[in-house]
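What follows is calculated from the coordinates using simple rules that are stated; it is not laboratory data. Since this is a predicted model, take the numbers as computed values, not measurements. Because the Cβ atoms are built from the backbone with ideal geometry, glycine has one as well, and the counts that use them run over all protein chains shown.
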Amino acid sequence: MLRVGLTGGIASGKSLVGEMFVALGAHLIQSDAIAHELMQPGGGVYQQVVRQFGEGILNPDGSVNRPRLAEAAFGTPGGIQPSRIQELNQIVHPAVMRREEEWMTEVGRKDPTAIAIVEAALILEAGSEKRFDRLVVVTCRPEQRIPRWAARLRVDEETARREVTRRMAAQFPDEVKIKAADYVIDNSGSFDETRKQVSAVYGELQRAAGGE
């Protein structure tokens, strides 16, 4: 089995690329979805997160309000409210990575020639790239990030700009990610252009996995 990390900066198109890989036959899990599950009431990190960030991050039903948690964790532009993202990551990342490892082990048990992809924004930032046999980095032009985030979250561009700016502050720049990558997929162009790149990379991954 081939263990593949799929990463990239905010609004670069990681999820789109991940969907394309799945359509070609890869297995995929999203670290953000795992984190969301673990932060549900009764989840593995729920109590720790609430204890660390306070009940002000909760909805009336006791579930975590993710925008409020993001505001508390990422801080505010200009440093008025300092970033606490490292505190959140120290709670969430170990539990997420354990779940990813369990999932990859199970995929490999069922199919020794499988391509198991973990889609995660902070693979390099977490220092977890060594867990993977290959690293795929998705990029786009800087000016594309804000309108893409605005469209995805259905918010105005000023709200998107603030969110993208504070999240980018917690991520390595594309130049660093590209240097660490085995494959780079440029998602700046059309859907078909991205799909062609994904198809070419998938062929390489299949050969590395022994599936061809």
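Step through the residues of region 7-14 one at a time and calculate ³J(HN,Hα) from phi using the Karplus curve (6.51 cos²θ - 1.76 cosθ + 1.60, θ = phi - 60°), rounding each to whole Hz and writing x for Gly and Pro.
9, x, x, 4, 6, 7, x, 4
Which trypsin sites (Lys or Arg not before Pro) from region 134-212 combine a DSSP loop assignment with at most 10 other Cβ atoms within 10 Å? Walk me through the numbers before you get to the answer.
Numbers: sites: 134, 145, 148, 152, 154, 161, 162, 166, 167, 177, 179, 195, 196, 207; in loops: 154.
The qualifying sites are 154.
In the chain, with Lys and Arg counted as +1 and Asp and Glu as -1 at Cβ, which of these residues, 54, 165, 64, has the Cα nearest the positive end of the dipole, that is, farthest along it?
Comparing the listed Cα positions along the dipole, 54 ranks first.
Report for the chain the percent antiparallel among DSSP-assigned beta bridges with both residues inside it, nearest 5.
5
Starting from a Cα-only point model with no solvent, please compute log10 I(q)/I(0) by Debye for the chain at q = 0.09, 0.18 1/Å.
Results for the chain at q = 0.09, 0.18 Å⁻¹ read -0.37, -1.37.
Please give the calculated 222 nm ellipticity per residue for the chain, where each DSSP H segment of at least 4 residues contributes -39500 (n - 2.57) and the sum is spread over every residue; nearest 500 deg cm²/dmol? Show your work: numbers first, answer last.
Working: 9 runs with 109 residues, N = 212.
Theoretical 222 nm ellipticity from helices: -16000 deg cm²/dmol.
Expressed as a whole percent, how much of the Cα-Cα distance distribution for region 1-64 exceeds 20 Å? Please report the intermediate quantities before stating the final value.
On the way: 931 of 2016 pairs.
The calculated P(r) of region 1-64 puts 46 percent of pairs beyond 20 Å.
Quickly work out the residue 207-to-residue 131 label distance, labels modelled 7 Å from Cα along the C-beta direction, and quote it in nm with one decimal.
With each label placed 7 Å out from Cα toward Cβ, I get 2.8 nm.
Using a 7 Å offset from the Cα along the Cα-to-Cβ direction at both residue 144 and residue 200, what is the distance between the two label points in nm, to one decimal?
That separation, rounded to one decimal, is 1.5 nm.
Within region 21-43, what residues put their amide N at less than 20 Å from the label point 7 Å along the Cα-to-Cβ vector of residue 61?
33-43
Quick one: angle between helix 157-168 and the longest Cα principal axis of the chain, in degrees between 0 and 90, rounded to 10, please.
Relative to the chain, helix 157-168 is tipped by roughly 70 degrees.
Simple spin-label model, 7 Å along Cα-to-Cβ: residue 90 to residue 106 in nm?
Calculated label separation equals 3.0 nm.
For region 96-212, what number results from the quotient of the Cα radius of gyration and 2.2 N^0.38 Å?
On the way: Rg = 16.3 Å, N = 117, 2.2 N^0.38 = 13.4 Å.
Region 96-212 yields a ratio of 1.21.
Using alpha carbons only, what's the Rg to Rh ratio of region 76-145 with Rh from Kirkwood? Walk me through the numbers before you get to the answer.
Values: Rg = 15.9 Å, Rh = 14.8 Å.
Ratio value, two decimals: 1.08.
I'd like the per residue volume of the convex hull spanned by the Cα atoms of region 38-77, given in cubic angstrom. Intermediate results must be reported in sequence, preceding the final value.
Details: hull volume 2.4 nm³, N = 40.
Taking the convex hull of the Cα positions in region 38-77, it is 60 Å³ per residue.
Between residue 24 and residue 51, what FRET efficiency follows from the Cβ-Cβ distance if R0 is 45 Å, with the result rounded to 0.05?
It comes out at approximately 0.60.
How large is ³J(HN,Hα), in whole Hz, for each residue of region 98-108 in order, when computed from phi with the Karplus curve 6.51 cos²θ - 1.76 cosθ + 1.60 and θ = phi - 60°, using x for Gly and Pro?
Coupling constants for region 98-108: 4, 5, 4, 4, 4, 5, 5, 4, 5, 4, x Hz.
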